[in-house]
Amino acid sequence: MAELRNIIQRKIPERVVSRFAPGITGHLHLGHVVSALYVFGITRAVGGVVLLRAEDHDRTRFRSEFDDAIRDDLAWLGMVPDRSPWPGLGKLDPSLRQANREERYREKLNELAGRGLTYPCDCPRRRLVANDEGELVYDGHCRGRSQEMAGDHGFRIVMPDRAFAFEDLAVGKQEQNPARQTGDILARDRHDCWTYQFACTVDDLDQEVNLVIRGEDLLPSTGRQLALREYFSPAANAPVYLHHPLLTDPSGQKLGKRFMSESITSRRTAGISAETVLGEAAFAAGKIDGPRPMELAEALALFSNWRHLHGGT
Ligand code: GLU
Ligand code: ZN
């Protein structure tokens, strides 16, 4: 613990800007609420602001009813995004939609294209080969092809073959080599959708996010995002990362399977209270011994132990 505290005291920014960034491909579930609790709880504990970002880059799965429902669910839970009080920090709409950012993503892709770091690719998925860790790696087959390509194709970005190191606040020191994990990543896929890795990195930079809190399932993405950040903004500090554990009790033994699979929207519209859901999320985050209804303030206070890690105050 002493060691963890040192890392955090050294690295957590004075003015924290974090974000909650749900994909708009379905309804929120308890796992999302757990993640939002980490984001709002830790960020509030260190006096920071939380931005909301609708990650609606996947237009094949996007539905506007999901977007509406997610906003309604979050408001119902009391989790509303903040406006940054700090000039030049946490810029842009505190509630940004990636679908409105087409022009910006295009500009950023062109920036890399001008430096010879992108190429079009129409390779089928079967071209990806699993590495020892079971990750699917692209072999760079289309590298060097001209930017003009007929037919359906995406655009890839060359990944550097070197390790990116970072100190995760929850899981400790990490080293990832994106070239070995995935090879050159897609920035835009063959359906003309921007990819998560690309859109998320551009947004985190533009929104000046300096604390990224998200589930452990996204840990392997971080090296790729660091590689992209370095292309765009080599001098900028990388955000501090915290990858939280996914749900404890994934079998839903104490909560019941139904609570894990039923959407927050359907529970809200069925008349279940927000306090009930927040208590379940606090329990699923491993913060209390059993689910019991609680107010948002109480649920967020369960993360107040992070306060003393902020700048030593
Ligand atoms: N949209 C991603 C997800 O829902 C999270 C993005 C992030 O926090 O980096 O899994
Ligand atoms: Zn290809």
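In table form, for the structure just shown:
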| item | result |
| --- | --- |
| Evaluation of residue 114 against (1) small (Gly, Ala, Ser); (2) within 16 Å of ligand 1 (Cβ to nearest atom); (3) surrounded by fewer than 12 Cβ atoms within 10 Å (Cβ to Cβ) (one fails), failing number | (2) |
| Residue 160, sole failed condition from (1) at pLDDT 95 or above; (2) surrounded by fewer than 20 Cβ atoms within 10 Å (Cβ to Cβ); (3) within 16 Å of ligand 2 (Cβ to nearest atom) | (3) |
| Criterion: more than 16 Å from ligand 1 (Cβ to nearest atom), surrounded by 13 or more Cβ atoms within 10 Å (Cβ to Cβ), on the phi > 0 side of the Ramachandran plot and of a type in the set (Gly, Ala, Ser) - qualifying residue of 78, 134, 90, 144 | 78 |
| Matching option when the condition is touching a residue at least 60 places away in the same chain (Cβ under 8 Å) and not small (Gly, Ala, Ser), among 40, 66 | 40 |
| Members of the stretch 271-286 that are assigned to a loop (DSSP other than H, G, I, E, B) and either more than 17 Å from residue 254 (Cα to Cα) or at pLDDT 95 or above (or both) | 271, 272, 273 |
| Strands (runs of 3 or more DSSP E) wholly inside the stretch 168-270 that include at least 2 residues being under 18 Å from residue 117 (Cβ atoms), in contact (Cβ under 8 Å) with a residue 24 or more places away in the chain and under 18 Å from the mean Cα position of the chain (by Cα) | 185-188 |
| Subset of the stretch 222-235 that is among the hydroxyl-bearing types (Ser, Thr, Tyr) and surrounded by fewer than 21 Cβ atoms within 10 Å (Cβ to Cβ) - its residue that is nearest to residue 197 (Cα to Cα) | 231 |
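The values are calculated or read from the model by the stated rules, or taken from the named source; none is laboratory data. Treat the numbers as computed from the prediction; the structure is a model and nothing was measured. All Cβ positions, even for glycine, are placed from backbone atoms using ideal geometry, and neighbour counts span all protein chains on display.
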